[in-house]
Amino acid sequence: MIVHICQKTAWEAAQASGEYRPPSLDTEGFIHASLPEQVLSVANRFYAGQNDLLLLWIDPQRVSASIRYEPADGELFPHIYGALELDAVQVVRPFPADAEGIFRRLPPPGSESQDDNSLS
């Protein structure tokens with residue numbers, strides 16, 4: 001599984017349109033994603049203090065776009081080179097920062113199925 005951090009409103013828009021297309025797809029040509037062990041450092045670097053976030057747990061086998069593992073900050077990160085189909089997202093979890101604005105815990109994907117996609 002790979003993980004993508006997104007705003008709740010962006011996920012709601014994706015459900016309405018049938019696919020997920022964050023701004024980075026137009027500006028950088030890909031969707032940023034992380035391995036589970038990379039999520040907390042990414043969240044604290046780019047999303048500190050935000051509480052309207054969701055974690056999308058993505059099954060790479062269900063993504064039709066190319067996924068390339070590319071270097072950034074001394075690590076390899078998965079980048080999705082195309083829109084993300086909603087059925088590739090296996091679990092959606094709320095991902096709030098704590099009272100100090102820090103992300104300290106990664107919510108596990110759990111055993112829920114795609115039914116969690118309907119978070120709203």
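Just the residues that are aliphatic (A, V, I, L, M) and surrounded by 15 or more Cβ atoms within 10 Å (Cβ to Cβ), please, taken from segment 36-77.
Taking segment 36-77 and keeping what is aliphatic (A, V, I, L, M), we get 39-40, 42-43, 48, 53-56, 58, 63, 65, 67, 72, 76.
Answer for segment 36-77, where residues must be aliphatic (A, V, I, L, M) and surrounded by 15 or more Cβ atoms within 10 Å (Cβ to Cβ): Val39, Leu40, Val42, Ala43, Leu53, Leu54, Leu55, Leu56, Ile58, Val63, Ala65, Ile67.
For segment 18-27, the set of residues classified as outside any strand (DSSP E or B) and surrounded by 15 or more Cβ atoms within 10 Å (Cβ to Cβ) consists of Arg21, Pro22, Leu25, listed by residue number. If we scan segment 97-115, do we find a residue that is of a type in the set (Lys, Arg), modelled with pLDDT of 95 or more and either surrounded by fewer than 18 Cβ atoms within 10 Å (Cβ to Cβ) or outside any strand (DSSP E or B) (or both)? Checked segment 97-115: no residue is of a type in the set (Lys, Arg), modelled with pLDDT of 95 or more and either surrounded by fewer than 18 Cβ atoms within 10 Å (Cβ to Cβ) or outside any strand (DSSP E or B) (or both).
Here is a yes/no grid of residues against (1) in a helix (DSSP H, G or I); (2) under 21 Å from Gly110 (Cβ atoms):
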{"residue": "Ala10", "(1), (2)": "yes, no"}
{"residue": "Gly29", "(1), (2)": "no, no"}
{"residue": "Ala43", "(1), (2)": "yes, yes"}
{"residue": "Gln50", "(1), (2)": "no, no"}
{"residue": "Leu56", "(1), (2)": "no, yes"}
{"residue": "Gln61", "(1), (2)": "yes, yes"}
{"residue": "Tyr69", "(1), (2)": "no, no"}
{"residue": "Val91", "(1), (2)": "no, yes"}
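Assessment of segment 3-21 against the conditions (touching a Ser or Thr at 6+ places or on another chain (Cβ under 7 Å) and within 15 Å of Gln90 (Cβ to Cβ)) yields at least one matching residue.
The values are calculated or read from the model by the stated rules, or taken from the named source; none is laboratory data. Keep in mind the model is a prediction, meaning the values are calculated, not measured. Backbone-built Cβ (ideal geometry, glycine too); neighbour counts: all protein chains shown.
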